[in-house]
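Have a look at the structure below, then the notes.
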Amino acid sequence: MTQQHPNTETPPPRGHYVFVDGPSIDGTLGQVIGQPPGPDTRPDWRRLEAFVKQTCGPAPYTATFVFWAPGQQGFMHFLRTSGFLIALGDRFVPGQSCAELIHERIARLNEAADPDQSWQLIVGTHNPELIAALPELADQAERITVFGFSEFLPESPELEHEIDFFDIEDDASLFRTPLPRVDFDDDGQEIHAPQPEQGYQPALVDPPALETPRQAPVFSRSTTASTQGATREFYLVVDGRSIEKELGEILGEKPNPGTRPDWGTVLEFARSRSQAPHGEVKALFAHIAPGHAGFRRALKDLGYASIPVRPDGIQLMRPVVEEFICGLLGARTLRGDDGVAPDILVIGHGQALFDALADIPDQGQQIAALGFPERMPPSDFYPGIEQLDLERDARAFGAELPRDFGVDVDNFDPDEELSRLF
């Protein structure tokens, strides 16, 4: 169904306008997976930027997410931190989209368009009336793109000559795991269909690759439990203050939502190492109190318990979050005093944290630290603690970090080093 315009010699567009018809996408997704979508099954809207840049070029764009008022506060905060503007409709009609509101906004853009300034329009919707109206509605636009679930988009040869259609999963790669889509063979016979009575459960599988988006990594599930016939609980404990500090030093600036780790990916990495039934992980995220309400809600939706730690009013630089985690690591449950010792994965970099981990009796459990190993205490001092890389092992970042590992004096090329420096 996808049809792209041929390359021309015209200059690149100076701006794009993106509109996402929230109710239309959400309602159709519910039909695809056979149940109401939840935080784990909805699109990862942070991936939209890569799709827009790959499809329409690197020019700046404005993305507006349209849905019915009043809107859920946590989701609205997530959208804003992901770069979206928000437009709210003033009424709710079950089964309908926000097409009318999007129609009005596109009409205003088109009327105000400068004939000498090229622009492109990208709309996420399944509303047939809105899609059919787009060529005339945005006749000043250089290009019109519509994305959604291809089996729910109109099949019109006339429209395909004026609109480029893309699949929200296969082309845009906005989902972290494959959806239970219906497929057909050459004779039109259904060969795969979702099973609503069983419900859709996300699987750890890579989506189709784009050139630049954050990819959902594939992590192999631990087989230790099945081979040894024993299971352990798995605890993931995050020192939010530590990761913010170390990441800020790497970036040279305060991290923002686009440069912080993808905590959903981190949790999936932990699940891949878990020996608990079904890869269960008890995830704790400790941070300075009170914490941003929207971020805490997002953590909860992902599956983390958010634990605020009160700062020291006198010693402002005191690592109270690290001290809290060190105290937790002394609990009888985590030390294995009350039974089978659990596996523990801590995200942090402080020496006190490593001392607390090293103090846990060795009962054959996994004890590991996840973060930036070049900023952790030397591994030779803590041989029982596995050091894992948040970027390279957990693949928690959407772009390569500007990390400086230093020159290895035992293995470097002098000529190459000089040419790199000068």
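Could you check segment 146-169 and list, in sequence order, the residues that are of a type in the set (D, E, K, R) and more than 17 Å from Val18 (Cβ to Cβ)? Result: Glu151, Glu155, Glu158, Glu160, Glu162, Glu169. How many residues does segment 144-162 hold that are of a type in the set (Gly, Ala, Ser), under 30 Å from the mean Cα position of the chain (by Cα) and open to solvent by less than 30 Å² (accessible area, probe 1.4 Å)? Qualifying residue count, segment 144-162: 1. Highlighted here are the helices (runs of 4 or more DSSP H) found entirely within segment 300-391 that include at least 1 residues which are more than 32 Å from the chain's Cα centre (by Cα) and not hydroxyl-bearing (Ser, Thr, Tyr): 332-335, 351-358. Looking at the structure I just gave you, is Phe372 within 29 Å of Arg47 (Cβ to Cβ) and of a type in the set (Phe, Trp, Tyr)? So Phe372 passes the test. Candidates Asp139, Asp167: the one that is at pLDDT 85 or above and touching a Phe, Trp or Tyr at 6+ places or on another chain (Cβ under 8 Å) is Asp167. Restricted to segment 22-36, and to residues there that are part of a helix (DSSP H, G or I) and not β-branched (Val, Ile, Thr), the residue that is most open to solvent (accessible area, probe 1.4 Å) is Gln31. Scoring Val340 on the criteria (1) without any contact (Cβ under 8 Å) to a residue 60 or more places away in the chain; (2) open to solvent by 30 Å² or more (accessible area, probe 1.4 Å) leaves a single failure, condition (1).
Note on segment 126-185: residues that are hydroxyl-bearing (Ser, Thr, Tyr) and either within 24 Å of Gly264 (Cα to Cα) or part of a helix (DSSP H, G or I) (or both) total 3. Taken together, Val237, Val266 contain a single residue that is at pLDDT 55 or above, touching a Leu at 6+ places or on another chain (Cβ under 7 Å) and open to solvent by less than 50 Å² (accessible area, probe 1.4 Å), which is Val237. For the residues Asp380, Asp413, Asp389, the requirement of being without any contact (Cβ under 8 Å) to a residue 24 or more places away in the chain, closer than 25 Å to Glu323 by Cα and open to solvent by 70 Å² or more (accessible area, probe 1.4 Å) singles out Asp380.
Here Ala141, Ala107 are screened, and the one residue that is open to solvent by less than 70 Å² (accessible area, probe 1.4 Å), out of contact with any strand residue (DSSP E or B) (no Cβ under 9 Å at 6 or more places or on another chain) and of a type in the set (Gly, Ala, Ser) is Ala107.
Here Ala356 clears all of (1) within 30 Å of Thr81 (Cβ to Cβ); (2) buried (at least 21 other Cβ atoms within 10 Å of the Cβ) except the condition numbered (1).
Of the residues contained in segment 65-77, one or more are found to be within 24 Å of Ala298 (Cβ to Cβ), of a type in the set (Phe, Trp, Tyr), in contact (Cβ under 8 Å) with a residue 24 or more places away in the chain and crowded, with 18+ Cβ neighbours inside 10 Å.
Taken together, the residues in segment 113-128 that are in contact with an Asp or Glu (Cβ under 8 Å, 6 or more places away or on another chain) and within 12 Å of Ile168 (Cβ to Cβ) amount to 4. The numbered conditions (1) open to solvent by 40 Å² or more (accessible area, probe 1.4 Å); (2) in contact with a Leu (Cβ under 7 Å, 6 or more places away or on another chain); (3) without any contact (Cβ under 8 Å) to a residue 40 or more places away in the chain are all true for Leu328 except (3). Evaluation of Ala87 against the conditions (1) surrounded by 21 or more Cβ atoms within 10 Å (Cβ to Cβ); (2) closer than 23 Å to Pro36 by Cα; (3) among the hydrophobic types (A, V, I, L, M, F, W, C) shows that the sole unmet condition is (1).
Just one of (1) under 21 Å from the mean Cα position of the chain (by Cα); (2) within 19 Å of Phe51 (Cβ to Cβ); (3) not hydroxyl-bearing (Ser, Thr, Tyr) fails for Pro180. It is (2).
Please go through segment 267-315 and give me each residue that is of a type in the set (A, V, I, L, M) and farther than 26 Å from Thr81 by Cβ, ordered by number. Explain how you work it out, then say what you get.
We begin by selecting, within segment 267-315, every residue of a type in the set (A, V, I, L, M); these are 267, 270, 276, 281, 283-284, 286, 288-289, 293, 298-299, 302, 305, 307, 309, 314.
The answer is Ala276, Ile314.
Applying the set (1) within 26 Å of Lys53 (Cβ to Cβ); (2) in contact with a helix residue (DSSP H, G or I) (Cβ under 9 Å, 6 or more places away or on another chain) to Glu129 leaves exactly one unmet item: (1).
Criterion first (modelled with pLDDT under 75 and either surrounded by fewer than 17 Cβ atoms within 10 Å (Cβ to Cβ) or part of a helix (DSSP H, G or I) (or both)) does Asp40 satisfy it? So Asp40 passes the test.
The values are calculated or read from the model by the stated rules, or taken from the named source; none is laboratory data. In this text, all values refer to a predicted model and were calculated from it rather than measured experimentally. No Cβ is skipped: glycine too gets one built from the backbone with ideal geometry, and neighbour counts run over all protein chains shown. The accessibility values were calculated without ligands, DNA or RNA, using every heavy atom of the protein model including side chains. Shrake-Rupley method; radii C 1.70, N 1.55, O 1.52, S 1.80 Å.
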